[in-house]
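Inspection log for the structure reproduced underneath, given as structure tokens.
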Amino acid sequence: MDKEKILASLTPEVVDKFRMAIELGKWPDGRKLSAEQRETCMQAVMVWEHEHLPPSERTGYIHKPIKDDGSVVGAECDVEHEHHYPNMPNPKGAVQPVKFRNKQ
């Protein structure tokens, strides 16, 4: 199943059930979540949130503090890195990875 089919099948209610199952480690009927089910649910929630929610409302969002001068702490790190978009060859503004030589 590709990303588009997964997104089309997810509703906010299903995503909420996935979040609850991940949090509790079991489905609403009491059956235990397997490690594979937990991983799949986490991935589905993250993909859905990325497509439907602003960053500040996504799971794991960490608010950055504001300095006295009004600038945001860590704003210089807010660039779209290549690892954020593994299916795109070079997203706009992506930082190219550094290639290290093998030590001999």
* To do: Quickly work out the E23-to-V73 label distance, labels modelled 7 Å from Cα along the C-beta direction, and quote it in nm with one decimal.
  => 2.7
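Count the lysine pairs in region 1-73 whose Cα atoms sit under 24 Å apart, keeping only pairs 8 or more residues apart in sequence or on different chains.
Values: K3/K17; K5/K17; K17/K26; K17/K32.
Lysine pairs, 8 or more places apart or on different chains, close enough: 4.
Sort the following peptides by mean Cβ neighbour count (other Cβ atoms within 10 Å, averaged over residues), highest first: 6-15, 26-35, 60-69. The partial results should precede the final answer.
Working: 6-15: 12.8, 26-35: 10.3, 60-69: 8.5.
Averaged packing, sorted descending, gives the order 6-15, 26-35, 60-69.
Read-outs: derived from the displayed coordinates by stated rules, not from any lab. Keep in mind that what you see is a predicted model, and the values were worked out from it rather than measured. As a convention, Cβ positions derive from the backbone with ideal geometry for all residues, glycine included, and neighbour counts pool all protein chains shown.
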